[in-house]
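See below for the structure under consideration.
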Amino acid sequence: QSNRINIAIDGPAGAGKSTVARMVARALQYVYVDTGAMYRAVTLKVLESGLSTDDNASVGRLANELDIVLLPGAHSQEVHVNGVDVSSRLRSLEINRNVSYVARLESVRNRMAELQRRMAQVKGVVMDGRDIGTHVLPNAELKVFLTASSRERATRRYREIGSDADITLEQLEKEISERDRLDQEREIAPLLQASDARLIDSTGRTVDEVVEEIVQWGLAIARTISAEEK
Ligand code: CDP
Ligand code: CDP
């Protein structure tokens, strides 16, 4: 049995992070942590409470009181906030449109990073997000920056929500680009490829190919670490 490592997967919206991270975790029997779901859960609570998304102090107080628990679900991860399963409410257009504003706040980022580091204390975690390799887990043994062309990312998302949704592919692509811009340009822990992250452009590649590549990297790194310790 080789050592367990932590794997950080970052990248823009629709690159395939959650899909790939979940499958990598399953293959390695690791724990998957979806940090985007945590920012979405905070955003849900901010919208419910009527707070302004730029009120750093009030939103920070709210975030500090939230007990966010991630549980492995049948298809995706279940997110429980103060004991209530909110998973089915996290992917609405309204949350998509507000989450990057909430995620800009220093109070929120500090709180989320603290919770995320705690979740990764016992190694064997695959964590996906925007700032995992650069900020949350700078010592992760494997860092991947996963991307794809913006048209392909929007098309993937469009397929997921179904063409009966209240948005066109063009609008969706615009909204995704706007969210990426906000995530890249924010001051604290912006979306950025860590200097020691391996880049995967998944445009035109299958999920299985990408998963296999990451799993093989992970196994090789874990073996090297085990060998060095002997
Ligand atoms: O699934 P999708 O890529 O659309 O988004 P997500 O991973 O659920 O993340 C939603 C939003 O949360 C992002 O657009 C960021 O604004 C924020 N986020 C972040 O700031 N830092 C993270 N580590 C993860 C997400
Ligand atoms: O988490 P992130 O926003 O990066 O992406 P996602 O929620 O995993 O969505 C990516 C979508 O593209 C899923 O429907 C995947 O099945 C699909 N896809 C992929 O992830 N990777 C590929 N190489 C091809 C398609």
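The values are calculated or read from the model by the stated rules, or taken from the named source; none is laboratory data. Just so it is clear, the structure is predicted and the values come from calculations on it, not from any experiment. Neighbour counts are summed over all protein chains in view; Cβ atoms, including those assigned to glycine, are modelled from backbone coordinates with ideal geometry.
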L191 vs. criteria at pLDDT 95 or above, under 15 Å from the mean Cα position of the chain (by Cα), surrounded by 15 or more Cβ atoms within 10 Å (Cβ to Cβ) and more than 23 Å from Y30 (Cα to Cα)
yes
Restricting attention to the range 21-49, which residues are charged (D, E, K, R), under 17 Å from N64 (Cβ atoms) and more than 15 Å from ligand 1 (Cβ to nearest atom)?
E48
Matching entry among S88, S107 (being part of a helix (DSSP H, G or I), at pLDDT below 95, out of contact with any Asp or Glu (no Cβ under 9 Å at 6 or more places or on another chain) and not aliphatic (A, V, I, L, M))
S88
Give R179, R117 a once-over and let me know the one that is surrounded by fewer than 15 Cβ atoms within 10 Å (Cβ to Cβ), of a type outside the set (S, T, N, Q), under 23 Å from V79 (Cα atoms) and under 16 Å from the mean Cα position of the chain (by Cα).
R117
Which pairs have Cβ atoms under 8 Å, sit 6 or more apart or on different chains, and link a residue in the range 145-160 that is closer than 16 Å to Q184 by Cα and assigned to a helix (DSSP H, G or I) to one that is more than 7 Å from ligand 2 (Cβ to nearest atom) and of a type in the set (S, T, Y)?
S150/S177
In the range 209-230, which residues are in contact (Cβ under 8 Å) with a residue 60 or more places away in the chain and more than 21 Å from N139 (Cα to Cα)?
V210, V211
With S76, S18, S92, S52 as the choices, which residue is surrounded by fewer than 20 Cβ atoms within 10 Å (Cβ to Cβ), more than 14 Å from ligand 1 (Cβ to nearest atom) and of a type in the set (S, T, Y)?
S52
Kindly list the number of the only condition in (1) out of contact with any Phe, Trp or Tyr (no Cβ under 7 Å at 6 or more places or on another chain); (2) under 22 Å from R186 (Cβ atoms) that fails for R89.
(2)
Hits in the range 183-195 - residues which are away from ligand 2 (no atom under 16 Å from the Cβ) and under 16 Å from D128 (Cα atoms)
A189, P190, A194
Suppose we filter the range 195-208 for residues that are part of a loop (DSSP other than H, G, I, E, B) and either surrounded by fewer than 19 Cβ atoms within 10 Å (Cβ to Cβ) or free of Cβ contacts under 8 Å to residues at least 60 places away in the same chain (or both); how many remain?
6
Evaluate the following for G204: is it away from ligand 1 (no atom under 16 Å from the Cβ) and at positive phi?
yes
